[in-house]
Structure formats: structure tokens, C-alpha cells
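Contents: one structure, followed by commentary.
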Amino acid sequence: MNVKTISRNVGYALLVSALFMFLSILVSVANGNDSALAALLISFTITFTVGIFPFIFVRKSPEISLRDGYMIIVLSWLLSFIFGMLPYALWGGPFTIVNAWFESVSGFTTTGASILDDIEALPDSLLFWRSSTHFIGGLGVVVFLLLIIPTSSQMRLRLTSLELSSLSKREYRSGANKTVFIFTNVYLGMLMASFVCYLIAGMSPFDAINHAMSVTATGGFSTKNLSIGAFDSVPIDIITMVFMLLSSIHFGMTYIAIATRSLKPFRNEIFKLYLGILVIVSAVATVSLKANGIEGSWGSAALSGSFHVLSYASTSGFGIADTGAWPVVPSALLVFVGIVCGMAGSTTGGIKSDRALLLMRQIKNQLRRVLHPASVNEVRVNGRIIRQEDLSPHILYIAMYSVLVILSILVCLLFRADSMHAIVATFTSLGNVGPAVGDLGTASSFVAEPAGAKLMYTLDMFLGRVEIYPVLAVVMMVFNRKNK
């Protein structure tokens, strides 16, 4: 591994965090030097100094190897978490070291789970930093690197292949430069569109930019204790639902639909599966909420049911009511959609609807082979044959995901976490959903969870965000070096 190359490129990631810390300082100054100013100034100074340090000694960045690329991805995320927790830890209040780490990881991984019982007690500058971590993590720390790295560099091609799942590029084949262009422009376009829509709907500029960063990243951090429900506005609820949906579908599909002014890209089989799950689960949730008297009218039941199903499926985690009061059936369905989640090539977590469709097609294919051994069966998606060598990594990913869920639950139980909390929080952490159900629903926080369980949840958040493979690759590299 080339330490100089790795340190220089990880430095870029830290400079991105430093930039948003500086913007948070400006928010503090604009609010009369609020209580987080000192914490943000110290955090900015430390992060900027460490980020700029490699550039003093590494004048030129040579081409990276595949191993360097994996190390850059993992270290960029981990160091972003560490330096991102500084403003929380230095500000104090409810932020112990573990709580500050939890909030930072949850922000950067766009999970949206929080240890805060009183969000509105935070100064505006710290709320802005909190939302900024969503913005950075939503586009991906490494994608920010791709915006900086020269277009002629092979590093772009390597990092694009590593940071963006092959699932996200399968349907929309393009070069590394085009991929970065599409993802960045769709992301920023939705950020600006949601910001304007929130302003028109009556949000203040500060609330609008914070929620725009959060909804575009499908993160879920809000400036209010009651999340979106605090605004008590149906237009704001609907705007949030629209952008949760748009942010959870393939950015390439959105780009092509806009560029061609056609709805043809939405004929995609994966999108149809995702939309079908949303409609069916929302309908069941609506009936359950009305039948159990949770909502007084069919209109409010439909709004609450569809909003929260979309919130969990898109891994946004926003709320307009307390899902902790929901009956068992719709609560279980929320956990289910938080496992499957949105489409690859978006800012969602989970196993993705793409892999879910591949799994169903493979099961169907295998059953046909059992019934008709002599038949020739192929897995097709959108009319294209998926080769077995392309299919296997995604089926294996689902298997690894399942094993990780079991191990995570066992570890949380060892730390004396409540058994139900351990189960639902593991699913929502690994899926980057954020709030769970029951006592950890949309109106609750993770502050009372054991410290060991919180650390396990943050590991799940990280593995869910980078999709396991890069982390396993780095672990294997480290062990191979030790064994030599």
C-alpha cells in the first residue's frame, strides 16, 4: 500500500468536513455567536490542519492500486466519523464520547438515529452541522473525492467502481466521469428543489435547508423534536413524501427521465417492485391504523400509513406521528420495508429492491430446475440475462447481511440490551433507516441504550452504508500483512 497516496486522498475527505464546519461557524456568527461557536472553531482548526497536512509532504499523487482504493474508502469514512464527532463532544450537554460518536456515525451514514431527547435545545450552528453530515454522507465521502480528482486520472475509474455498487450501474452504463456527473447533479438538483418547495410551503429558510439536506440524503435528522410532524402541515408532509420517493430511486433513472422528458425509464422492473411494495404495505398500514383507532379518519390513516412506510422504505426515518404506538402488524411491516428499502444508485440503505428482485428470480429459477431438470432457465431483469457470475455476489451479499444481523443481535444482547430493542434496532441500523419501532420509534431516541449496544449499532450503520465488501477487503488485507 502507498501510505502517501492514501493519506493525501483521505485528506481531501477531511477538508470536505472542514468546509462544512466552517459554514456552521458562519451560522453561529449569524446567530450572535451561539454556544457552539468555540466547539466548532476548535473542531474546524483540528480537522483542517489534519486534512491539509498530507499536502505539505505529498506533492504529487501517483496512481492508486486496488488495495489503496479500498483503504481510501474505509479510512475516509472512519476519519470523517472521528472528526465529525468533535463539535458534539466539545459542546457537551448530552454528548458523552459514545453519544457523540453515535450521532456522528448516524449522520454521515445517513441513518438518522439519534441520542437526543431534546433536539431543539441544540444551537442552530450545531443543528446545521448535524444536517451537513447527512449531506456529505448522502452523496458519499468518496464521491466528493471524485469531484476533486482530475478527470484524466485512473483513480476516478477505480474509486467509482469501489464506492458505487455494481447494482447502481448495471442499468445505466456510463464512464466514471459521466457517473459522477449524474449522481452529483441529480443530488444537488433535488436539494435545491426540495429547499424551494419547503420555503413555499411555509418553512423558515433555516428549517428548509436543514430538511432539504436531510431528505435528499434520506437521512432523517430534523431541527424539531417532533420531526416533520412539528410543522402540522399536510403540504409539507406531501413534499417530504415526494422527495423521499425521488431520493430512494436510481439517480440515473431520474436523470434519464428528465433529460429525455419521458416516463419510459420508470417502466423498470425494479422500480415496479419497489412501488408495488410501497402501495401494498401502505394499504395494510392504513387499514390497521384505522381499525385499531390509532387514527380517527381514513384520510389521516392513509397519510400517516403511507408517510411512515415510505419513510422507512427510503431509509429517511422522518415522522409525523409516534410509530411507537402502532400495532404489531404495521410495526412489523415497517421493519420489513426497512430491510428491502429503495433502489441501488440512490441514497437508501438496506439490501435494496434490486437484490430482492434478483433473489426472487433466482429462487424461481431454482424451483424450475428442480421440477424440470432438463430445462434451460435464465434469470432476466428488464429483458437482459443476468449471468451467474454477476448474480452470485448479490446473493452472497444477502447471506452476509443475514449473518451480520444475527451476530449483531447476539452482541447487543451480551451488552444487556432489551431483546426486542436489539432486534429492531439492528435491522434499522444496518439498513440505515434510523428510528426503529416500539420504544425506539420516531418519537424516541437511543440515549437509554447500553453503550456497548450503541457501538454495535454504529458498526452496523457503517457496514450498511459501505455495503460490507470494502470493509471485509480491508480486514483481509490487514490480516494478510500480519501473516506474512
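The values are calculated or read from the model by the stated rules, or taken from the named source; none is laboratory data. Remember, it's a predicted structure, so these values are computed and weren't measured experimentally. Cβ atoms come from the backbone with ideal geometry, glycine included; neighbour counts cover every protein chain shown. Areas reflect the complete protein model, heavy atoms only, side chains present, ligands, DNA and RNA absent. Shrake-Rupley method; radii C 1.70, N 1.55, O 1.52, S 1.80 Å.
Cross-link pairs exceeding 24 Å between alpha carbons, from the set Lys272/Lys364; Lys178/Lys272; Lys224/Lys290; Lys272/Lys454: Lys178/Lys272; Lys224/Lys290; Lys272/Lys454. Here the scattering of the stretch 70-112 is modelled by Debye summation over its C-alpha atoms, one equal scatterer each and no solvent; at q = 0.17, 0.29, 0.31 Å⁻¹ the log10 of I(q)/I(0) is -0.43, -0.95, -1.02.
These residues, Trp298, Trp129, Trp101, Trp326, go from largest to smallest accessible area, 1.4 Å probe, as Trp298, Trp101, Trp326, Trp129.
Roughly how many percent of the accessible protein surface of the chain is carbon and sulfur, given a 1.4 Å probe and a whole-percent answer?
Values: 13240 of 19680 Å².
With neighbouring chains kept in place, the figure for the chain is 67 percent.
In straight-distance terms, cross-link reach from Lys352 covers every one of the aspartates and glutamates whose alpha-carbon lies under 15 Å from its own, apart from those fewer than eight places away in the same chain; here that gives Glu171, Glu269, Glu467.
Per residue, the average separation of C-alpha pairs within less than 8 Å and at least 6 apart gives the stretch 293-347 a relative contact order of 37 percent. Within the full protein context, the accessible area of Asp124 is estimated at about 50 Å² for a probe radius of 1.4 Å. Neighbours of Cys197, meaning other residues whose beta-carbon lies under 15 angstrom from its beta-carbon, give a summed charge of -2 when Lys and Arg score +1 and Asp and Glu score -1. Jot down the per residue volume, in cubic angstrom and as a whole number, of the convex hull over the alpha-carbon atoms of the stretch 355-484. Value for the stretch 355-484: 170 Å³ per residue.
Show that you can apply the helix-only estimate: for the chain, add -39,500 (n - 2.57) for every DSSP H stretch of four or more residues, divide by all residues, and state [θ] at 222 nm to the nearest 500.
On the way: 21 runs with 329 residues, N = 484.
Estimated from H runs of four or more residues: -22500 deg cm²/dmol.
Seen from Leu440, the other residues with C-beta closer than 13 Å to its C-beta sum to a net charge of -4, counting Lys and Arg as +1 and Asp and Glu as -1.
At 4 °C and 1.567 mPa s, grab the translational diffusion coefficient of the stretch 199-257 from Stokes-Einstein with a Kirkwood Rh over Cα pairs, rounded to a whole number in µm² per second. Can you show the working numbers first?
Numbers: Rh = 12.1 Å.
Taking Rh from Cα pairs, D becomes 107 µm²/s.
The percentage of C-alpha pairs in the stretch 245-346 whose separation is greater than 19 Å is 43%. Quick one: Debye curve from the alpha-carbon atoms of the stretch 341-424 only, equal weights, vacuum; give me log10 I(q)/I(0) at q = 0.22 Å⁻¹ to two decimals. At q = 0.22 Å⁻¹ the computed log10 ratios are -1.05. For the chain, the C-alpha radius of gyration sits at 0.95 times the compact-globule guess of 2.2 N^0.38 Å, with N the residue count. In this simple spin-label approximation, Ile258 and Val478 carry label points 7 Å from Cα along the Cα→Cβ vector, and these lie 3.9 nm apart. Averaged per residue, the chain has 41 square angstrom of accessible surface, using a 1.4 angstrom probe with ligands and nucleic acids left out.
Kirkwood Rh over Cα pairs of the stretch 168-297 into Stokes-Einstein at 37 °C, 0.692 mPa s: D in µm²/s?
Details: Rh = 16.5 Å.
Diffusion coefficient, whole number: 199 µm²/s.
Give me the one-decimal Kirkwood hydrodynamic radius in Å for the stretch 287-407, with the sum taken over alpha-carbon pairs. Kindly include the intermediate steps, with their values, before the conclusion.
On the way: mean 1/r = 0.0597 Å⁻¹.
About 16.7 Å, per the Kirkwood formula over Cα pairs.
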